[in-house]
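The values are calculated or read from the model by the stated rules, or taken from the named source; none is laboratory data. Bear in mind that the values here come from a model prediction, so they are computed numbers and not experimental data. Cβ placement follows ideal geometry from the backbone for every residue including glycine, while neighbour counts extend to all protein chains displayed.
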Amino acid sequence: MSIAQAMILAAGRGERMRPLTDSCPKPLLRVKGKPLLQYHLEAFGRGGFRDVAVNTAWLGEQIEDHFGHETADGVRIKYSHEGTDFGGALETAGGIARALPLLADTFWVVAGDVYLPDFLFTRAAYDRFAASGKLAHLFLVPNPPHNAKGDFGLAADGRALNAADVRHTYSTLGLYRRAFFAALPPGNPQGQKAALAPLLRAATDRGEVSAELYQGPWTDVGTPERLAALNA
């Protein structure tokens, strides 16, 4: 079995998107005629990353039914079905830890409910991070109105900072090493729920996280209003 070098997070309930997500998982909501998740799959394929892991929980069978196990342009999809295995989503870090047996030592992560149509998943960025010795590399974006204070600062040497006068928003897009998730059991066999933010904050304090600012189009499609604005 080939090992995935990318993971798309698609397990969330999408509470803020209700009632749209009462019968449709958020990554299948359409922007400009295509499901949100499809943009990521196509972008990974263009970048040469042809094995992608997708975790699911809420209405996850719809995602597998829609995309199957290989896209028309040859991207192979492996699923980690948290809903089937544990009755619900394991939160971000718990879900990634669960999927680690499907993933390479270094891998991309992006949420299935963000829209960033112009981002290029390049082998150069992947290889640069792999050679860096860092445990994570975050792509930050200018702060949207709903997160005006931002999440992380950016040092002159490229390190992410927890405390900074100017902070940017974590886009949900990043590069990670398996070692970043060492605090959780390999493969998370018991389905432990774990948030990503505390792990990121701790690794950032240790100087193990780098970051860069991405200024292309980006939307966290978190509410019906933001979805409607994209489709206007």
Item to complete: State whether the residues of the range 91-109 include one that is exposed (fewer than 13 other Cβ atoms within 10 Å of the Cβ) and modelled with pLDDT of 95 or more.
Response: yes
Discussion item. Cβ contacts < 8 Å: first residue closer than 17 Å to residue 214 by Cα and of a type in the set (S, T, N, Q), restricted to the range 118-137; second residue modelled with pLDDT under 95 and part of a helix (DSSP H, G or I), any location; separation 6+ or different chain. Result?
Written reply: none
Discussion item. Scan the range 36-52 and tell me whether some residue there is over 20 Å from residue 120 (Cβ atoms), surrounded by 13 or more Cβ atoms within 10 Å (Cβ to Cβ) and not aromatic (Phe, Trp, Tyr).
Written reply: no
Worksheet item: Among the residues of the range 18-34, which ones are within 21 Å of residue 57 (Cβ to Cβ) and part of a loop (DSSP other than H, G, I, E, B)?
Response: 18, 19, 23, 24, 25, 29
Item to complete: Would you check which residues across the range 138-182 are in contact with a His (Cβ under 6 Å, 6 or more places away or on another chain) and either free of Cβ contacts under 8 Å to residues at least 24 places away in the same chain or surrounded by fewer than 17 Cβ atoms within 10 Å (Cβ to Cβ) (or both) and list them?
Response: 150
Practice prompt. Return the total of residues in the range 1-17 being in a loop (DSSP other than H, G, I, E, B) and either among the acidic types (Asp, Glu) or closer than 18 Å to residue 229 by Cβ (or both).
Written response: 1
Worksheet item: Got a number for residues in the range 63-80 being out of contact with any Asp or Glu (no Cβ under 9 Å at 6 or more places or on another chain) and touching a residue at least 12 places away in the same chain (Cβ under 8 Å)?
Response: 6
Discussion item. Taking the condition of being modelled with pLDDT of 95 or more and either among the polar types (S, T, N, Q) or within 16 Å of the chain's Cα centre (by Cα) (or both), how many residues in the range 133-150 meet it?
Written reply: 8
Item to complete: Kindly provide the set of residues from the range 151-160 that are touching a Lys or Arg at 6+ places or on another chain (Cβ under 8 Å) and part of a strand (DSSP E or B), ordered by number.
Response: 152, 153
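Here's the yes/no breakdown for (1) modelled with pLDDT of 95 or more; (2) more than 17 Å from residue 109 (Cα to Cα):
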position: 162; (1), (2): yes, yes
position: 165; (1), (2): no, yes
position: 174; (1), (2): yes, no
position: 183; (1), (2): no, yes
position: 187; (1), (2): no, no
position: 206; (1), (2): yes, yes
position: 209; (1), (2): yes, no
Discussion item. Tell me the residue from 78, 32 that is in contact with a Leu (Cβ under 8 Å, 6 or more places away or on another chain), charged (D, E, K, R), under 21 Å from residue 178 (Cβ atoms) and surrounded by fewer than 20 Cβ atoms within 10 Å (Cβ to Cβ), please.
Written reply: 78
Discussion item. So if I check each of 152, 129, which one is more than 29 Å from residue 34 (Cβ to Cβ) and in contact with a strand residue (DSSP E or B) (Cβ under 7 Å, 6 or more places away or on another chain)?
Written reply: 152
